[in-house]
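Here is the structure we will look at.
The values are calculated or read from the model by the stated rules, or taken from the named source; none is laboratory data. Keep in mind that this is a model prediction, so the values were computed, not measured. Positions of Cβ are generated from backbone atoms using ideal geometry, with glycine treated the same way; all protein chains shown enter the neighbour counts.
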Amino acid sequence: MDQPKMSDKTSNVLDINGQNFDPNLYLEKLFKENTLRQIMDQENEIVKDTQTLHSDMQTLVYENYNKFITATDTVRKMKTDFKKMEDEMDLLAQNMESITSFSQQISSTLQETREQISKLSGVHSLLKRLQFLFKLPATLKTRMEEANYSQAVQDYLHAQKVLQHYGNMPSFQGIKADCETILQELKTQLRNQFNNPDASAKQLAESVDLLLQLDEPAKELCSEFLTCAEKRLSEQLVMLRDQSEQRDITEFVDLGCSGFLSDLCLVVASFHDMFINRMNTDNIENNEIFENFAAVELNTFIVNKMQKYFELVQNKVDLEQDIGDTTILVKALDRFYRRLQAMNTLCRDTDFAKTGIEIVINAGRKQCKTHLQVLKMHFADSLTKMRQALTTPKLITQDDSSVNLNEMLMSLILTVVEKVKGVLQDLVVFIQPDVNFAQRELFRDSFCVDNVREGLIVCFMHHLTATARGLCSNNVSDPKIPPVLLLLLSKFCLDFQNGHVHYLLSQTDELFNINPKESSALTTENEINTTMQESAQELLNYYVRIQGLNISQMLRKSVETRDWLHTIEPRTVRAVMKRVVEDMASIDSTVAQLYEDQGTATEHSSDSSRKTHSISVSRHQYRSNWSSYTPTHLDSTLVSNIHKLFSERIEIFSTVEFSKVSILTGIIKISLKTFMECVRLKTFSKYGLQQIQVDTHYLQLYLWRFVADENLVHFLLDEILGSAVHRCLEPVLMEPSVVDIICERG
Amino acid sequence: MELSFVEYISYKHIFWIFCGYTMENENSVIYGLEFQARALSAQLAETEKIRFLIGTQSLKQVNNQIHLVEFDEENSTLKTTVYHHSDGEIWKLNASPIDTSKIATCYNTVNRENLCSMKTAILKLPDTENYDHIENLEILTKFNIDSLGTDIKTTEFHPSDASKAACVTDNHVILWDISNTEAQNVLNIALEGKSNPKFTTGKWNPHQNCNQFATATETHLKTYDVRTGQLAWNIDSAHGQLMRDMDFNLNKQYHIATCGDDGFVKIWDFRQTSSPIYSRTDHSHWVWCVRFNPFHDQLLLTASSDARVLLSSAASVSSENNQDVNIHDDSLDSSENKQILSDGPLQWCEHEDSVYCAEWSPAEPWIFASLSYDGRLLISRVKRSLKYQIML
């Protein structure tokens, strides 16, 4: 009664087919929830259901009863059948007993006859063997005549044991002796065949096989075989060597592959068949020792031969003097390398592909070196050409030749860059994807990085800077070098630094798949750029120096050769000053072609007016100091010292910048400094001093335009005039207006 | 009235401080002259005191002076004695290597007609120092050069023979006997050649028994044997432009240093004259003077019109670079381990004007003097670190 109260069972309680059906609850629910009509219907349905269930039960009972009846019948029938079988089994047992006794009787009667028969058959086989023995010499002979060696050996081996066993019995001794002589002959025959150089590999193998079967010492055979092979391979090598000079590299490699290498392969293969693989069948302990021995022997043989071959190939590769066609070379090397890779299976201990790759690497290195050589030569040639072009026509058509300067530079850069690019294109053949050795890491590393990038490109750029620097090195100052060449090369280095280095390096890296960030050993672009920059600077400094010294020389000669104490009153500017200005102008136009003034020109003009003004004022005062010059020396010394006190120190030769103004300023500084030194070495009369006054004024009129800072020129010219005043016995200056007139007159 | 000396010095000091060269100041002492000067010489015979002689250059010839400057190293002070040299402006001054009292000057005298003539004389420095008034120097020996050239470049005392001296004029080398007041002409060597070549300077070779006299003419170096007057050896085109000065290495008998207008300083082994064994261009203008340190010949002193004095190393060719000599000498292990200086500039002094002379002190190997045209003498020490590096 508890269960129906549980809420989850409520439905079960109401389920009419469920186990926990509670008729009272069900009825209650029915009465509560349904109308009378519904209840009536329900009742009818239930009554119908009950009737159906009842009839079903009846049918089931009836069916099961029938089955039970049939089972009882079957059990009864089985009982009778078993009874019959038992009787028949008893009968069978009796019969078996009688059969056993009969068979025992028969076997006891037949015992004797069987023993006799087995004895007879033993005798028969013995006789047969004896007969074979007696016949053996004859058989062997016929076999020999037929050259059916293998059968002969078979036969002999058959009889061998018996002969050994009974060999000391008189009747067999004859046979044994006969056999042995024949066998000896057989062996010599086989050996002949073995040593016959024309014999095919198969024949060779056969004879060796037979000889081995005849217990010939394997080691001896082995070495004999190798000597024989050696002879033939050596011939091949000699042939190769003879041919190496006439044939080109492809033919040579082909010849090597088809001749020497395939022969070697054949030898090795047959050796394996004969000495190493076949021994497996025989006695194992000996076998292993021998196999080792054979393998070692073979290895040394192969290594020896290959080494000679490699030497030949190396020589041939080295012989390829000029650049030739890289494609052909690469093709030949590729074939060579592929063949070697195939060879590798032959010999266990040595990696021929490694030696091969070394040869290939060498070839690559050589190719790079030759290219480098050619590049260097080409560069030297263009330098010489440029030098000639610069020296010869300069005096005749100064303007025309100078117009070409920029073009010359461009063409030089262009040819160098193009040449290098051409070389890169040529070398890239080495690492094409279809080239076998190019896939090897070893080769790629060494070729791309060490040879092409570092050995060729970087080396060439270093060569460029070294050549450039060589022109201005301390020890070999060649006075014949045209200064313009220095200027040109300086610009060349500068231009290289500003892009071409980057271009060439990135081209290289791209073509040869080099990642410059990966390896720290690589020369970086910066390093090269720095050296380029340094060389450019060095060349430019040197150019300024040379030009400065050239003008200096002119000035010095002009001051030294004149007698300043006995000179007349100045009427003109000395010719040398005009020459100086002319030279400066020509240098200016030359430099202008290569170095543009980036924006400094405007700046220059904008504040030049101010500067000119201020300097002219100070100059005026300065002059008045000299014009009122009294023989009390000290004042002027003091004045010039005080003047110096407030002016910046002038570096006569500070580093030149890469601009026209800086270059010209450098040259002018050197020249004017020289002028001053020369003046200090002389003693002047009044007119001598006035000549210097005219000259410096003239220079002042014409030089300021070349420099960035006019002050500098003024200062240096003032110093010159000041020095002249000091060195003058009668320091009286000319009227500035007269000086102006003289200078304007030219 | 002229500016007093003290006042002038103070100007110099202002200038000095103004330019901020205090760093170098620790290493050097300045002495200012009131005139321009281009003649400096160490008092060679004096081996105890550090003494230098300066000759001034002023066209007002009575103003010219000779200053004897003595440097007290311990206190870094200077003691100077001034003598008049009223005969003319001094272009070149040399001290006798044997007699401390003898000096030779080459000077320019201007006569009343404003005509110049070069003269040379040997003068005597007085033994006693007289501070009260400035004396004129007594002339010991006069030279009569009139016929042998118009310009006198230098008068060089013989390094060991007190009775000999050599004059270099623009086209002659003249050997004199100077035992008497009137120098006796012993030998004349004329310079021959196309386009009237001139001598620039000359110097005795201290080796080979002092029988050779080296001269510079244009770009070439010519050395004569003074016994015969013949050319002993020469270096043609030693410099690209005019050669200004030379100096023999006292410790290596075949080495000579040269310098010139091309800005190069070169050292030659004159047995092998095709190329110099040392060559540098560290100056930016003409190099006027080159001197080996007499004790440590890897130290090379050069003066240039770029207003700089450079102390450079020429260790690679010095006598102390004894790598090849010492190989068999195991006892000198320490010297093999010694670091050799690399060639190139080691130390420099800045002047305000061109420097025409620089000299080592014969008494103290680490002291040198340099004289710039504006009349400033700088006495400097070799940097201590450098000194130890060379000595240890």
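Any idea which of B:Leu377, B:Leu371, B:Leu299 is surrounded by 24 or more Cβ atoms within 10 Å (Cβ to Cβ), more than 23 Å from B:Thr258 (Cβ to Cβ) and at pLDDT 80 or above? Working first, answer last.
Details: B:Leu371 fails: more than 23 Å from B:Thr258 (Cβ to Cβ); B:Leu299 fails: more than 23 Å from B:Thr258 (Cβ to Cβ).
The conditions single out B:Leu377.
What strands (runs of 3 or more DSSP E), lying completely within region B:57-112, carry at least 2 residues that are of a type in the set (D, E, K, R) and within 14 Å of chain A (Cβ to nearest Cβ)?
Values: elements: B:65-72, B:77-84, B:89-95, B:102-110.
Because the criterion is at least 2 residues that are of a type in the set (D, E, K, R) and within 14 Å of chain A (Cβ to nearest Cβ), the strands (runs of 3 or more DSSP E) in region B:57-112 that meet it are B:89-95.
Test A:Ala380 against the criterion of being at pLDDT below 80 and among the small types (Gly, Ala, Ser), and give yes or no. The answer is no for A:Ala380. With the requirement that a residue be surrounded by fewer than 20 Cβ atoms within 10 Å (Cβ to Cβ) and not small (Gly, Ala, Ser), what does region B:141-163 give you? Answer for region B:141-163, where residues must be surrounded by fewer than 20 Cβ atoms within 10 Å (Cβ to Cβ) and not small (Gly, Ala, Ser): B:Lys142, B:Asn144, B:Asp146, B:Leu148, B:Thr150, B:Asp151, B:Pro159, B:Asp161. The number of residues in region B:58-74 that are more than 23 Å from the chain's Cα centre (by Cα), β-branched (Val, Ile, Thr) and closer than 24 Å to B:Ser361 by Cα comes to 0. When B:Asn188, B:Asn209, B:Asn180, B:Asn196 are checked against the criterion of being within 14 Å of chain A (Cβ to nearest Cβ), surrounded by fewer than 16 Cβ atoms within 10 Å (Cβ to Cβ) and either more than 28 Å from B:Gln298 (Cα to Cα) or not hydrophobic (A, V, I, L, M, F, W, C) (or both), B:Asn196 stands alone in meeting it.
Of all residues in region A:410-436 being of a type in the set (A, V, I, L, M) and closer than 28 Å to A:Tyr337 by Cβ, which is modelled with the lowest pLDDT? Among those residues, the one meeting the criterion is A:Val435. Taking the criterion of being within 14 Å of another protein chain (Cβ to nearest Cβ), modelled with pLDDT of 85 or more and surrounded by fewer than 18 Cβ atoms within 10 Å (Cβ to Cβ), would at least one residue in region B:221-236 satisfy it? Yes, there is a match, as at least one residue in region B:221-236 is within 14 Å of another protein chain (Cβ to nearest Cβ), modelled with pLDDT of 85 or more and surrounded by fewer than 18 Cβ atoms within 10 Å (Cβ to Cβ). Regarding A:Thr683, is this residue over 26 Å from B:Gln61 (Cβ atoms) and of a type in the set (S, T, N, Q)? The answer is no for A:Thr683. Would you please name the residue that is surrounded by the fewest Cβ atoms within 10 Å (Cβ to Cβ), looking only at residues in region B:279-296 that are within 8 Å of chain A (Cβ to nearest Cβ) and in a strand (DSSP E or B)? Going through the qualifying residues, I end up with B:Ser279. Selection of helices (runs of 4 or more DSSP H) fully inside region A:664-746 by the criterion of at least 3 residues being within 20 Å of A:Asn550 (Cβ to Cβ) returns A:686-703, A:710-726.
Confirm whether A:Tyr698 is buried (at least 21 other Cβ atoms within 10 Å of the Cβ), farther than 23 Å from B:Trp288 by Cα and either touching a residue at least 24 places away in the same chain (Cβ under 8 Å) or not assigned by TED's automatic domain parsing to the domain that holds A:Met577 (or both). So that I can check it myself, show each step before the final result.
Numbers: buried (at least 21 other Cβ atoms within 10 Å of the Cβ): yes; farther than 23 Å from B:Trp288 by Cα: yes; either touching a residue at least 24 places away in the same chain (Cβ under 8 Å) or not assigned by TED's automatic domain parsing to the domain that holds A:Met577 (or both): yes.
Taking the combined requirement at face value, the residue satisfies it.
Tallying residues that are within 10 Å of another protein chain (Cβ to nearest Cβ), of a type in the set (D, E, K, R) and assigned to a loop (DSSP other than H, G, I, E, B) within region B:237-269 yields 2. The strands (runs of 3 or more DSSP E) found entirely in region B:115-210 that carry 1 or more residues being touching a Cys at 6+ places or on another chain (Cβ under 8 Å) and β-branched (Val, Ile, Thr) are B:116-124, B:152-157, B:172-177. For B:Gln272, the requirement of being without any contact (Cβ under 8 Å) to a residue 40 or more places away in the chain and away from chain A (no Cβ under 12 Å) is met. Out of all the residues in region B:305-314, is one or more crowded, with 18+ Cβ neighbours inside 10 Å, within 16 Å of the chain's Cα centre (by Cα) and within 9 Å of chain A (Cβ to nearest Cβ)? Yes, region B:305-314 contains a residue that is crowded, with 18+ Cβ neighbours inside 10 Å, within 16 Å of the chain's Cα centre (by Cα) and within 9 Å of chain A (Cβ to nearest Cβ). Within region A:720-736, none of the residues are within 30 Å of A:Ser659 (Cβ to Cβ), without any contact (Cβ under 8 Å) to a residue 24 or more places away in the chain and more than 14 Å from chain B (Cβ to nearest Cβ).
In the set A:Gln700, A:Gln691, only one residue is more than 14 Å from every other protein chain (Cβ to nearest Cβ) and touching a Leu at 6+ places or on another chain (Cβ under 7 Å); that residue is A:Gln700.
Here's the yes/no breakdown for (1) under 30 Å from A:Cys728 (Cβ atoms); (2) at pLDDT below 85; (3) surrounded by fewer than 23 Cβ atoms within 10 Å (Cβ to Cβ):
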position: B:Glu2; (1), (2), (3): yes, yes, yes
position: B:Glu7; (1), (2), (3): yes, yes, yes
position: B:Ile14; (1), (2), (3): yes, yes, yes
position: B:Arg51; (1), (2), (3): no, no, no
position: B:Thr56; (1), (2), (3): yes, no, yes
position: B:Ile90; (1), (2), (3): yes, no, no
position: B:Ala95; (1), (2), (3): no, no, no
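Looking across A:Gln111, A:Gln42, one residue alone is over 30 Å from A:Asp155 (Cα atoms) and either assigned by TED's automatic domain parsing to the domain that holds A:Asp15 or exposed (fewer than 10 other Cβ atoms within 10 Å of the Cβ) (or both). It is A:Gln111. Of all residues in region B:189-199, at least one satisfies being under 27 Å from B:Gly88 (Cα atoms) and under 19 Å from the mean Cα position of the chain (by Cα).
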